[in-house]
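Report on the structure given below.
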Amino acid sequence: MEEQLIPPETLTSFHNFITSPNCKTILALVGAGLSSASGLPTFRGSGGYWRHYNSIDLATPDAFERDPGLVWQFYSYRRHMALMAQPNAGHQTLAQLSHNDKINFLTITQNVDGLSQRANHDSRKLIELHGSLFCLKCTNFTCSYSDPANFKDPLTDSLDASSLVHDKGNTEDLPFLSDDKLPHCPACETGLLRPGVVWFGESLPWVSVDKTDEFIMRNHVDLILVVGTSGVAWPAASYVDIVKNQGGKVAVFNIERDDTDTESWQFIGDCSKILPVALDPLIDQVNVRSEVQ
Ligand code: BV8
Ligand code: ZN
């Protein structure tokens with residue numbers, strides 16, 4: 001059934017390439033579209049708004065400076081939604097690819113929802129370029145406290161997002177939350193905690209950029225999978241051109257076609273349905289081996 005989603009000539013030429021000796025190293029650049037089939041809103045279109053706030057405006061240090069209570073209600077809502085969501089077949093396909101040791105593979109995700117991890121993606125081959133909703137950091141400059149994996153929901157009584165889930169369209173102002181209602185650092189006890197995500201205007205964690213650059217420099221990337229991303233955020237979007245300039249090929253998985261792009265394989269449709277079909281020859285290898293073991 002899913003096969004019909006893809007023009008046969010596109011699928012055949014793609015399968016011929018990924019099963020050829022010319023395709024040893026694959027990089028996957030992932031965006032919000034991968035988690036859309038899991039029920040999580042994207043940043044574009046209606047998904048770009050939370051109540052009457054533009055998500056991008058809330059994802060800045062200034063917004064947190066101005067009203068940490070509002071920003072914490074935004075992130076508590078997204079933590080709650082992500083915890084209620086399930087990884088989809090798109091996440092699972094990339095996770096399976098990460099267990100195929102016949103290819104060099106790395107996923108760099110812009111998503112902070114933790115769904116790739118929950119799909120059992122090999123953590124050594126997954127880089128969260130923009131951090132995670134479930135990492136918490138102290139905002140006190142003299143304190144380096146951070147909790148890499150905090151799934152407590154709600155984080156404080158005032159941040160109980162379950163009441164927010166059902167009134168998405170509600171644009172009424174949210175209650176003002178004073179700092180004492182917000183999560184504080186258990187180490188210095190004075191610092192407010194913040195979500196461990198990269199906000200606009202903040203630089204990406206150099207460890208993540210280094211590991212990504214090292215992967216690209218160490219291996220000639222033969223193919224980049226551009227999955228469910230609009231390419232709006234930089235420097236994440238720059239990796240497509242970096243691979244192209246290395247002579248690597250591009251395969252785009254998106255519900256929207258880019259008519260200006262005549263070079264790439266374009267797989268148009270829900271990537272949670274198309275990724276399993278497009279990458280089947282490389283997934284099969286994993287299953288065969290795991291059955292053998
Ligand atoms: C920095 C974490 C510098 C927080 C995020 C160069 C040019 C222009 C601008 C800049 C530039 N360099 C820097 C900038 C500024 C800025 C930027 O990129 N601005 C943009 C918006 C214009 N970049 C930064 O600020 C970066 N930092 O540059 O620091 C610096 C250097 C030194 C010292 C100090 C500073 C930091 C960027 C990271 C920001 N944090 N997220 C949070 O999530 O709350 S970005 C966030 O937005 C996401 O992580 C993601 O990266 C981006 C959203 O993009 P997508 O994931 O692609 O989602 P989108 O909704 O846009 O698209 C979804 C796509 O999926 C669509 O194409 C849709 O068609 C498709 N789709 C939908 N459903 C499906 C589907 N496809 C397939 N199947 C489906 N079912
Ligand atoms: Zn602290």
### Query
For the Cα atoms of the chain, what angle does the longest principal axis make with the long axis of helix 68-84, in degrees from 0 to 90, nearest 10?
40
### Task
Express as a percent, rounded to the nearest 5, the fraction of DSSP beta bridges in the range 1-118 (both residues included) that run antiparallel.
25
### Query
At a probe size of 1.4 Å, how large is the accessible area of residue 153, to the nearest 10 Å²?
60
### Query
When each pair of different Cα atoms in the range 77-231 is counted once in the 1/r mean, what is the Kirkwood radius in angstroms, to one decimal?
17.7
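Taking every DSSP beta bridge that has both residues in the range 112-254, what percent is antiparallel when rounded to the nearest 5?
60
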### Message
By the 4.7 Å beta carbon criterion, which cysteine residues of the chain come out unpaired?
### Response
23, 135, 271
### Task
Could you give the size of the charge dipole of the chain about its Cα centre, using +1 on the Cβ of each K and R and -1 on the Cβ of each D and E, expressed in debye and rounded to the nearest 20?
520
### Task
With a 1.4 Å probe and all protein chains in place, put 265, 206 in order of accessible area, largest first.
206, 265
### 15 Å Cα-Cα reach of residue 125 towards aspartates and glutamates, excluding residues that sit fewer than 8 places from it in its own chain
101, 210, 213, 214
### Task
Report the accessible area of residue 220, computed with a 1.4 Å probe over the heavy atoms of all protein chains in place, in Å² rounded to the nearest 10.
90
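Taking the highest mean first, how do the peptides 94-103, 18-27 order by number of other beta carbon atoms within 10 angstrom per residue? Mind dumping the intermediate values first?
Working: 94-103: 19.6, 18-27: 16.4.
Per-residue mean Cβ counts within 10 Å order the peptides as 94-103, 18-27.
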### Query
Among bridges DSSP assigns within the chain, what percent are antiparallel (round to 5)?
30
### Summary
Looks like the chain, by Cα gyration tensor root eigenvalues a ≥ b ≥ c and the a/c under 1.5 rounded cutoff (else prolate when a/b is bigger than b/c, oblate otherwise), is prolate
### Message
Against the 2.2 N^0.38 Å scaling, with N counting residues, where does the range 1-121 land? I'd like the Cα-based Rg ratio to two decimal places.
### Response
1.32
### Task
Would you check the accessible area of residue 260, probe 1.4 Å, heavy atoms only, in square angstrom rounded to 10?
120
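The values are calculated or read from the model by the stated rules, or taken from the named source; none is laboratory data. Just so it is clear, the structure is predicted and the values come from calculations on it, not from any experiment. Neighbour counts are summed over all protein chains in view; Cβ atoms, including those assigned to glycine, are modelled from backbone coordinates with ideal geometry. What goes into the accessible areas is simple: the full protein's heavy atoms, side chains included, and nothing from ligands, DNA or RNA. Shrake-Rupley method; radii C 1.70, N 1.55, O 1.52, S 1.80 Å.
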